[in-house]
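See below for the structure under consideration.
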Amino acid sequence: MRLNGKVAIVTGGGSGFGEGIAKRFVEEGCKVVVNDINVEGGERVAAQINSSGGEAAFTKGDVSKDADWAAMLKFALDTFGSLDIVVNNAGTTHRNQPMLEVSEKDFDRVFAVNVKSLFHSTRNVVPYFRKNGGGVFITIASTAGVRPRPGLVWYNGSKGAAITMSRSMAVELAPDKIRVNVVNPVAGETPLLSEFMGSDTPEIRAKFVSSIPLGRFSQPLDIANACLYLASDEAEFITGACIEVDGGRCV
């Protein structure tokens, strides 16, 4: 049990990569706070984990709001008594389209969820991790922040910011025994896929898959296994790393 006795918050845990991460962590002995703005999805994931013998609890929260992060931390401590790992997975995108056609509202939403959420998570959780002697942050960014695709300019920028911020955090927080690492998925089978591609047809899917040398989209389990390693004590000397889980897309 690689995470036995540990407690994690997984944001955006009600579907997609977050659901895969939450369930994989529980398989390795972790207790998980499933966070999402989608109550139905979050409650479903927590119920499935509990019915299978694991321990999970759902809390609704908007990761772009400081008060919701404060409540999330309190919920984790009240429910499970401690916190060891935060997976900043919640994310969003604008539709794949020319950059001048993206509205300011969509731009602000993308940066609030993908970037400002990191600001709020650290302001709330870092003091606790310092007091507790350490902890782990994992940022789910994207290959879009490393090898951008056209039509996703502002999304690409948000993920580039998330990567740089996370690596900067890793350097500053290392003396506190707080590790910060990044996982960069390629396009995956999640609810955001249609928006990410601009549409969802066999032809568009084939075009995206053709850019991935291993010949398929990423799956939640692919991302979850990378996160599991980074969250575990096996990675105790790894911080500031970016792992591309991308089937060779960024080579």
(request) For the range 203-218 and the range 1-61, write down the distance between their C-alpha centroids in whole Å. (result) 29 Å
(request) Output ³J(HN,Hα) for the range 222-229: one whole-Hz value per residue in order, computed from phi by the Karplus curve 6.51 cos²θ - 1.76 cosθ + 1.60 with θ = phi - 60°, and x for Gly and Pro. (result) 4, 6, 4, 5, 5, 5, 4, 4
(request) Across the chain, how many lysine pairs, 8 or more positions apart or on different chains, have C-alpha atoms separated by under 13 Å? Please give the number. (result) 6
(request) Would you calculate the separation in nanometres between label points at A241 and R2, each defined as 7 Å from the Cα along the Cα-to-beta-carbon direction? (result) 1.1 nm
(request) Tabulate in residue order the Karplus-calculated ³J(HN,Hα) for the range 159-164, using 6.51 cos²θ - 1.76 cosθ + 1.60 with θ = phi - 60°, rounded to whole Hz; enter x for Gly and Pro. (result) 6, x, 5, 4, 5, 5
(message) Can you classify the range 172-245 as rounded, prolate or oblate using the Cα gyration tensor, where a ≥ b ≥ c are the square roots of its eigenvalues, rounded means a/c under 1.5, and otherwise it's prolate if a/b beats b/c and oblate if not?
(response) prolate
(request) Rounded to whole Hz and in sequence order, give me ³J(HN,Hα) for the range 131-144 from the Karplus expression 6.51 cos²θ - 1.76 cosθ + 1.60, θ = phi - 60°, writing x for Gly and Pro. (result) 5, 8, x, x, x, 9, 10, 10, 9, 8, 9, 5, 4, 4
(message) Using amide H atoms built in the peptide plane, which far-off residues or other-chain residues are under 5 Å from F137 H to H?
(response) V86, R179, V180, N181
(request) Counting only DSSP beta bridges with both residues in the chain, tell me the antiparallel percent, nearest 5. (result) 0 percent
(message) As a test of the formula, what do you get for the chain when each DSSP H run with n ≥ 4 contributes -39,500 (n - 2.57) and the sum is divided by the residue count, at 222 nm and rounded to the nearest 500 deg cm²/dmol?
(response) -13500 deg cm²/dmol
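FYI, it's all coordinate maths here, none of it is from the lab. Everything numeric here is computed off the predicted structure, so don't read it as measured data. All Cβ positions, even for glycine, are placed from backbone atoms using ideal geometry, and neighbour counts span all protein chains on display.
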